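*Asks:* Let me give you the structure first, and then I'll get to my questions.
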Amino acid sequence: MAALARRPWLWPAAAAEALRLARPGWWHRWPLLPVPDEALWRFRMETAYGGSGEAAPEAADVVSFIGWSSTMGRWRRR
């Protein structure tokens, strides 16, 4: 979060990615936050970092992914 806090131009893309990863109907379940489904998150971490999927993403990887997502979003809208 701190790495994204210093880059306000990435905030809209970060919010969009959070909603994209959120489990369906997240607003009906506690906590009322758009957190990803545990199985999806484990799969994403396993495919990104290998192992059992217990790894946490590195800040540089998150910023890089959000930047890429933002660029792709602008490219799609053209």
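*Asks:* Is there any pair with a first residue in the stretch 1-24 that is in contact (Cβ under 8 Å) with a residue 60 or more places away in the chain and a second that is open to solvent by 90 Å² or more (accessible area, probe 1.4 Å) and not basic (Lys, Arg) whose Cβ atoms are under 8 Å apart and which are 6 or more apart or on different chains, and what are they?
*Replies:* LEU4/TRP11
*Asks:* Can you tell me which residue is least open to solvent (accessible area, probe 1.4 Å) among those in the stretch 11-59 that are in contact with a Leu (Cβ under 6 Å, 6 or more places away or on another chain) and not in a loop (DSSP other than H, G, I, E, B)?
*Replies:* Among residues in the stretch 11-59 that are in contact with a Leu (Cβ under 6 Å, 6 or more places away or on another chain) and not in a loop (DSSP other than H, G, I, E, B), the one least open to solvent (accessible area, probe 1.4 Å) is ALA14.
*Asks:* Report, by residue number, each residue of the stretch 36-69 that is in contact (Cβ under 8 Å) with a residue 40 or more places away in the chain, over 15 Å from LEU21 (Cβ atoms) and of a type in the set (Gly, Ala, Ser).
*Replies:* Within the stretch 36-69, ALA59, ALA60, GLY67 meet the criteria.
The values are calculated or read from the model by the stated rules, or taken from the named source; none is laboratory data. What you see is a predicted model; the values in this text were computed from it and never measured. Positions of Cβ are generated from backbone atoms using ideal geometry, with glycine treated the same way; all protein chains shown enter the neighbour counts. For the accessible areas, the whole protein counts, side chains as well, though only heavy atoms, and no ligand, DNA or RNA atoms are used. Shrake-Rupley method; radii C 1.70, N 1.55, O 1.52, S 1.80 Å.
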